[in-house]
Amino acid sequence: MKLFLSSKSINNEQLPYFKKLVGKELSGIKFALIENAADLHKEENKGFVHETRSVLTNLGMQLERIDLNEYIHKGETLVEKLQEFDVVWIGGGDTYYLRYLLKVTGLDQNLQKILQSGIVYGGGSAGAIVVGPNIKGFVESNSPEYEMIDDGLSLCDFIVMPHWDDKSFKDKVHSIKKYYDTTDFKTITLNDDQAIIVENSTCQIIP
């Protein structure tokens, strides 16, 4: 299994690692971009979504946006669609809402099967958090109107702590880290210019 987990997206220093992981030049990479973790954000708060999309688009890959809302209770159709790509990338936003969407689209059960064929999973922020074993520390204070699921997808045995050096997230993410320090879950902190590559049994923080 191949994972590329970051705080944001893919920066220039990470590109050689990303291309090596995928095994193709950028122009030949078919890239599925899922932005639904930010669905509940107000438009004025979606600047990070547009920034990530712009960065990834400008890399010159064959990028296609996938809307999970079109695949609710259509798990097999979603599997067939995602198998067309070299990379499936899920961006940032509300981790719990994302986890709910992964359940109602069946992707929580099907993603591992998709990745077994060699497709790379990429995730930024919430998209990186959700593939760990647990997301309970990332619950928002407001009671949402969707099912709350504490379990992550367990594609890796650690929980990503993104935005570790971002002043606007510092208090929140450091508080979450303290919570997980009282549990048996392993955590890895990531600055905004860092990423984690998981390939089979190896794990590497870059750059």
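The values are calculated or read from the model by the stated rules, or taken from the named source; none is laboratory data. Remember, it's a predicted structure, so these values are computed and weren't measured experimentally. Here the Cβ is made from the backbone with ideal geometry for all residues, glycine too, and neighbour counts use every protein chain on show.
Taking the criterion of being within 22 Å of Ile197 (Cβ to Cβ), within 13 Å of the chain's Cα centre (by Cα) and outside any loop (DSSP other than H, G, I, E, B), the residues of segment 108-133 that qualify are Leu111, Val120, Tyr121, Gly122, Gly123, Gly124, Ala126, Gly127, Ala128, Ile129.
What do you reckon, is Lys8 crowded, with 20+ Cβ neighbours inside 10 Å, out of contact with any Leu (no Cβ under 9 Å at 6 or more places or on another chain), under 27 Å from Asp193 (Cβ atoms) and in contact (Cβ under 8 Å) with a residue 24 or more places away in the chain? Reasoning before the result, please.
On the way: crowded, with 20+ Cβ neighbours inside 10 Å: yes; out of contact with any Leu (no Cβ under 9 Å at 6 or more places or on another chain): yes; under 27 Å from Asp193 (Cβ atoms): yes; in contact (Cβ under 8 Å) with a residue 24 or more places away in the chain: yes.
Here the answer is yes, as Lys8 does meet what is asked.
If the condition is being in contact (Cβ under 8 Å) with a residue 40 or more places away in the chain and surrounded by fewer than 17 Cβ atoms within 10 Å (Cβ to Cβ), then segment 104-128 contributes Gln112, Gln116, Gly118.
Beta carbons closer than 7 Å, at least 6 apart along the sequence or on distinct chains, pair a first residue in segment 17-44 that is free of Cβ contacts under 8 Å to residues at least 60 places away in the same chain and β-branched (Val, Ile, Thr) with a second that is assigned to a strand (DSSP E or B) and surrounded by fewer than 16 Cβ atoms within 10 Å (Cβ to Cβ) for Ile29/Gln62. Scanning segment 63-96 for residues that are modelled with pLDDT under 95 and among the aromatic types (Phe, Trp, Tyr) turns up just one, Tyr96.
Search segment 48-62 for residues being closer than 16 Å to Lys8 by Cβ and surrounded by 14 or more Cβ atoms within 10 Å (Cβ to Cβ), and hand back the single one that is modelled with the lowest pLDDT.
Here is the first cut: in segment 48-62, the residues closer than 16 Å to Lys8 by Cβ are 48-59.
Adding the requirement that they be surrounded by 14 or more Cβ atoms within 10 Å (Cβ to Cβ) leaves 48-49, 52-53, 55-56, 59.
Values: Phe48: 87, Val49: 90, Thr52: 91, Arg53: 94, Val55: 93, Leu56: 94, Leu59: 95.
Restricting to residues being closer than 16 Å to Lys8 by Cβ and surrounded by 14 or more Cβ atoms within 10 Å (Cβ to Cβ), the top hit is Phe48.
Restricting Asp181, Asp151 to residues that are over 17 Å from Asp94 (Cα atoms), out of contact with any Pro (no Cβ under 6 Å at 6 or more places or on another chain) and not basic (Lys, Arg) narrows the list to Asp181.
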